[in-house]
Amino acid sequence: MFKRMKEDIETVFDQDPAARSSLEVILTYSGLHAIWAHRIAHLFFNRKMFFMARLISQVNRFFTGIEIHPGAKIGHRFFIDHGMGVVIGETCEIGNNVTVFQGVTLGGTGKEKGKRHPTIEDNALIATGAKVLGNIIVGENSKVGAGSVVLKDVPANSTVVGIPGRVVIQNGIKLKRKLDHNDLPDPISDRCSEMEQEIHRLQTEVKRLNMKGEHEDVNKDL
């Protein structure tokens, strides 16, 4: 247990440049508190002590602003940055070295039974406000951009942005964990640019036809 706690603290230092001391991390990082409380709740859940598991989960939510269902399975070196508003569903499975930012939802899409929440594979990163919904897989080394809504599987080594989420980068190599939100491709903006170019082309064509028509009218008058 203490080895896992030490590993969690080291993960914070690795992922957050604002971390200054172990005491500060232990006492003030709500994401770390949420993960530790979840481990206790998950222990009770696995022993079918569901009421106690949910009680710990709700107390955890009250103090941290992070809601993790006690049934969720979370791997090693999971990091929640800031964390307020993070929601992780019951059948969610999270691999190793995964990072999520504040406002992320790993949820379901309805009242279906069985596996109904996402599987997040190793080294994935889910950015601020992203919603990953349903029994889908976010492949290893992949990134989900801020504010995206992901409803379909994400291949490994990919970057997804937009509503609904679209794969915009897939190069087959491991992506860096660093996510520059402002540098992510924007498929909606790209599409708007294409439409503007098409409108400009059509306007030019209309002007050409109008000028041709006026020229023909002048010739008829002559």
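The values are calculated or read from the model by the stated rules, or taken from the named source; none is laboratory data. All values reported here derive from a predicted model rather than from experimental measurement. Virtual Cβ from ideal backbone geometry, glycine too; neighbours counted across all protein chains shown.
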With (1) surrounded by fewer than 21 Cβ atoms within 10 Å (Cβ to Cβ); (2) touching a residue at least 24 places away in the same chain (Cβ under 8 Å); (3) not aromatic (Phe, Trp, Tyr) as the list, and ASP153 as the residue in question, which single condition is left unmet?
-> (2)
Matching residues, segment 50-70, being β-branched (Val, Ile, Thr) and at positive phi = none
Counted residues, segment 93-132 - those being under 11 Å from the mean Cα position of the chain (by Cα) and on the phi > 0 side of the Ramachandran plot | 2
Which numbered condition ASN135 fails, given (1) under 14 Å from the mean Cα position of the chain (by Cα); (2) modelled with pLDDT of 90 or more = (1)
The one condition in (1) within 12 Å of the chain's Cα centre (by Cα); (2) in a strand (DSSP E or B) that ILE169 fails to fulfil | (1)
Those residues that are surrounded by 15 or more Cβ atoms within 10 Å (Cβ to Cβ) and either over 13 Å from ARG77 (Cα atoms) or under 22 Å from the mean Cα position of the chain (by Cα) (or both), I need them from segment 1-27; list them, please.
-> ASP8, THR11, VAL12, GLN15, ASP16, ALA19, VAL25, ILE26
Check PHE101, PHE78, PHE50 and return the single one that is farther than 22 Å from ARG4 by Cβ, surrounded by 16 or more Cβ atoms within 10 Å (Cβ to Cβ) and among the aromatic types (Phe, Trp, Tyr).
-> PHE101
Residue satisfying all of: in segment 83-98; part of a strand (DSSP E or B) and of a type in the set (A, V, I, L, M); surrounded by the fewest Cβ atoms within 10 Å (Cβ to Cβ) among these | VAL87
Consider VAL100 carefully, then state whether it is at pLDDT 90 or above and either among the aliphatic types (A, V, I, L, M) or out of contact with any Gly (no Cβ under 7 Å at 6 or more places or on another chain) (or both).
-> yes
If we ask which residues in segment 96-123 are under 21 Å from ASP16 (Cβ atoms) and of a type in the set (Gly, Ala, Ser), their number turns out to be 1
What about SER30, is it in contact with a helix residue (DSSP H, G or I) (Cβ under 7 Å, 6 or more places away or on another chain) and surrounded by fewer than 19 Cβ atoms within 10 Å (Cβ to Cβ)?
-> yes
Looking only at segment 21-73, which residues are part of a loop (DSSP other than H, G, I, E, B) and closer than 21 Å to VAL87 by Cβ?
-> TYR29, GLY65, ILE66, HIS69, PRO70, GLY71, ALA72
Picking from ARG39, ARG4, ARG77, the residue that is without any contact (Cβ under 8 Å) to a residue 60 or more places away in the chain and of a type in the set (Lys, Arg) would be ARG39
